[in-house]
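Structure, as structure tokens:
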């Protein structure tokens with residue numbers, strides 16, 4: 001029977017630490033969040049980020065732009081925020097409407113204000129291990145693994161998914177802690193056999209109930225990054241929880257696992273950005 005890794009409790013600890021540091025040093029820290037259009041999921045995320053800013057003592061600046069905003073208008077706003085000393089972090093909520101090229105927008109954000117760590121400069125720094133910011137979700141996963149008391153060194157780790165936002169940086173962070181890392185994807189042969197080697201299995205594929213018991217080694221730590229809806233429209237992860245949980249030593253629930261960590265690490269990155277700009 002696995003122990004649950006409580007993402008809410010770990011994320012609260014991170015946010016408490018950020019707030020304590022801001023208060024003890026009398027810092028003024030600001031995060032600008034830009035949302036374009038009426039995507040409901042994006043609106044929920046933005047609201048959650050504003051609440052987290054409040055908890056941490058970070059000033060939140062929201063820019064809600066209409067669906068028909070042009071790429072030039074958004075890039076002009078990013079330029080303004082890059083030059084605003086009150087704004088330490090800039091986050092443009094994805095996805096963006098189809099008339100706007102996401103890559104151009106990410107490239108325009110100053111690397112020292114890129115608290116999502118999506119800019120090519122920050123991605124390159126993660127590769128070589130000399131980084132200012134870590135992508136929020138993979139960084140949050142590392143915090144959850146550490147919360148179990150596990151030393152990653154020498155562990156066999158498997159990451160399912162190779163996205164730029166989660167899969168690839170997740171593999172790099174595990175590698176930086178001396179794990180032996182395998183990245184799996186849609187072309188991986190005999191996926192179940194590869195996954196069964198994992199002491200730590202991280203799934204980030206975005207498919208409900210994708211990871212089943214036959215893919216999990218007894219005693220593995222299972223981290224579920226997925227956020228999906230099942231046939232009953234109920235929130236669930238990539239992992240078939242009821243089936244996998246008896247085999248794992250530790251497992252993250254969905255919701256309440258990785259999700260809260262992403263926003264907590266965003267707060268930590270915004271504080272780090274403040275120091276970079278001081």
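The values are calculated or read from the model by the stated rules, or taken from the named source; none is laboratory data. Because the structure is a prediction, the values reported are computed rather than measured. Methodologically, a virtual Cβ is constructed for each residue, glycine included, from the backbone with ideal geometry; neighbour enumeration extends over all protein chains shown.
Collect the residues in the stretch 237-250 that are out of contact with any helix residue (DSSP H, G or I) (no Cβ under 9 Å at 6 or more places or on another chain) and either loosely packed, with under 15 Cβ neighbours inside 10 Å or at pLDDT below 95 (or both), keeping them in residue-number order.
242
Taking into account only those residues within the stretch 3-59 that are modelled with pLDDT under 95 and assigned to a loop (DSSP other than H, G, I, E, B), which is nearest to the chain's Cα centre (by Cα)?
Step by step, filter the stretch 3-59, then rank; the result is 39.
Can you tell me which residue among 82, 104, 48 is more than 13 Å from residue 270 (Cα to Cα), surrounded by fewer than 21 Cβ atoms within 10 Å (Cβ to Cβ), touching a helix residue (DSSP H, G or I) at 6+ places or on another chain (Cβ under 9 Å) and in contact (Cβ under 8 Å) with a residue 60 or more places away in the chain?
48
Tally up the residues in the stretch 63-76 that are in contact (Cβ under 8 Å) with a residue 12 or more places away in the chain and over 14 Å from residue 37 (Cβ atoms), please.
Within the stretch 63-76, residues that are in contact (Cβ under 8 Å) with a residue 12 or more places away in the chain and over 14 Å from residue 37 (Cβ atoms) number 1.
Please go through the stretch 130-160 and pick out each residue that is more than 25 Å from residue 111 (Cβ to Cβ) and part of a loop (DSSP other than H, G, I, E, B).
Of everything in the stretch 130-160, those that are more than 25 Å from residue 111 (Cβ to Cβ) and part of a loop (DSSP other than H, G, I, E, B) turn out to be 148, 149, 150, 151, 152, 153, 154, 155.
Find the residue count for the stretch 161-180, including only residues that are over 19 Å from the mean Cα position of the chain (by Cα) and either assigned to a strand (DSSP E or B) or on the phi < 0 side of the Ramachandran plot (or both).
Qualifying residue count for the region: 2.
Among the residues of the stretch 229-272, which ones are touching a residue at least 24 places away in the same chain (Cβ under 8 Å) and in a strand (DSSP E or B)?
Of everything in the stretch 229-272, those that are touching a residue at least 24 places away in the same chain (Cβ under 8 Å) and in a strand (DSSP E or B) turn out to be 236, 239, 250, 251.
Check the stretch 144-151 and report whether any residue there is surrounded by fewer than 19 Cβ atoms within 10 Å (Cβ to Cβ), farther than 27 Å from residue 33 by Cα and touching a helix residue (DSSP H, G or I) at 6+ places or on another chain (Cβ under 7 Å).
Yes: the stretch 144-151 contains one or more residues that are surrounded by fewer than 19 Cβ atoms within 10 Å (Cβ to Cβ), farther than 27 Å from residue 33 by Cα and touching a helix residue (DSSP H, G or I) at 6+ places or on another chain (Cβ under 7 Å).
Could you list, in sequence order, the residues of the stretch 51-84 that are closer than 20 Å to residue 277 by Cβ and in contact with a strand residue (DSSP E or B) (Cβ under 9 Å, 6 or more places away or on another chain)?
53, 58, 59, 60, 61, 63, 77, 78, 81, 82, 84, listed by residue number.
Scan the stretch 124-138 and tell me whether some residue there is over 29 Å from residue 88 (Cα atoms) and more than 14 Å from the chain's Cα centre (by Cα). Talk me through it step by step, then tell me what you get.
Let us first name the residues in the stretch 124-138 that are over 29 Å from residue 88 (Cα atoms), namely none.
No: the stretch 124-138 contains no residue that is over 29 Å from residue 88 (Cα atoms) and more than 14 Å from the chain's Cα centre (by Cα).
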